[in-house]
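What follows draws every value from the coordinates through simple rules; no lab data is involved. Given the structure is predicted, the values throughout are model-derived calculations rather than measurements.
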Amino acid sequence: MTRLEKHKTTKSHKTYFIKDWLLLHQITGAQLKHLLCFTHHYPSIPNAVEDRVNETAQHIWNLVTEALTDFWPEHDLQINKAFNCTETKFSSDTSTPFNLDNGIDQSPSIEINYQHSPVDALHIAHEFGHALQIICCRSAFISPIQRELAALLIEKVFLKYVQDKDNNLANLLLPIWHSNRCTYLGTDLNAVKHAMENPQSTYNYRWNYPIAHILLETLFHNSSKLELWSMVEGSTSLEELLSKCTSDFKLKLNNYLPPYMHSDAEPKLIDAYRALGMAALLDVETWQGLAENKIDAFYKQALHHLQNNSLLVVTNAQHQASGYATWKQDTHGKIIITHQTAPFGDHLLLLKKLQRHLPNILQANAYHPSSSNKEQIAWHR
């Protein structure tokens, strides 16, 4: 295999960029941006405190097999083939676990330096997923995102089984899963977004993890076991998965905020404070924005916009706060949207209501501080 098709541990002397990564996966930048616009950012957190896992590596390997055959009993032949035929080396001196596809007539192999940590135990489940996919697809090419999707799916099924069967082990593994999640949707997701805005960013294999994780978290509870198995096989195209994922976001991103019932009889001051509170809640849900400032700084900035009638909180059909925006107007009448957030996926609703709120504004630009092009057109009519 050549180009980005090579295994993540294979070194390549050629430099690749975001366009090569998108081309390899046969998706467009617009499709990826559509997925990312619904996605929460998670802050980095310290790694979970690691206790010792008493189980041997072989026992974890056995337990993964039990979990998978319990979840997919109709696929026990392929699962047991991965269990029996994969060449395992659990006492490797490798610093990073890895797997190898040794060809259609050869068994896959994995290597892990198992030191009885919860991270090591979860790595075993992850690498089992890679080995199982190699066996199922008979060495056919699988894109990197789909490879990581399969491995993370096996982790998820394994954790679900352990939670039912071994509470002590589950209590050791779940903090690692959540710590990894924060890395995928924090540092790694930021790297993808940076690459989307800066096309000359060089390819990094870690770009694949946040996309795989977003797909898994969205589709796991909204897919049949047959559909989930197709993710193991890699038989469903990434384009199909992205399409299903974005259509299912309304199922996933449930707005749990209380309804906002406006009354003309209430003093305007109460209404203003309610707007401030909703703006703060919406920012907290996005994990970015004004709510990351100190309370006094957030209050001062939001109050400034309220006093200048440049803060709009929008509600959905259930009267729940679903997004808000702030803006400023220069001496020439030009509008710049300085901040906007819609953590539950109602970005279009926010934009439409903002346009109706500013009927005389023919064009508005939006401020994107992390983009090389910091001002971009929000609408032009």
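Before moving on, here are some points about what is shown:
- Helix content alone sets the calculated 222 nm mean residue ellipticity of the chain: runs of n ≥ 4 DSSP H residues at -39500 (n - 2.57) each, divided across all residues, give -15500 deg cm²/dmol.
- Choice from Lys156, Lys334, Lys89 showing the highest fluctuation, given a GNM over the chain with Cα pairs closer than 10 Å: Lys334
- For the chain, the relative contact order works out to 16 percent when only alpha carbon pairs closer than 8 Å and six or more residues apart are counted.
- Of Asp166, Asp51, Asp330, the one that fluctuates the most in a GNM where the chain has Cα springs shorter than 10 Å: Asp330
- Per-bin percent of Cα-Cα distances, the range 294-381 [5 Å]: 3, 13, 23, 25, 22, 12, 3, 0
- When you restrict to C-alpha pairs under 8 Å that are six or more residues apart and normalise by the size of the range 52-197, the relative contact order lands at 23 percent.
- Taking Leu282, Leu257, Leu173 as the candidate residues, the one with maximal mean-square fluctuation in a Gaussian network model of the chain, Cα springs under 10 Å, is Leu257.
- The overall shape of the range 164-232, judged from the alpha-carbon gyration tensor, is oblate: a/c is not under 1.5, and a/b is no greater than b/c.
- Relative to one another, the C-alpha centroids of the range 87-151 and the range 293-347 are positioned 47 Å apart.
- Cα gyration tensor of the chain - equivalent ellipsoid semi-axes, whole Å, descending: 44, 23, 18
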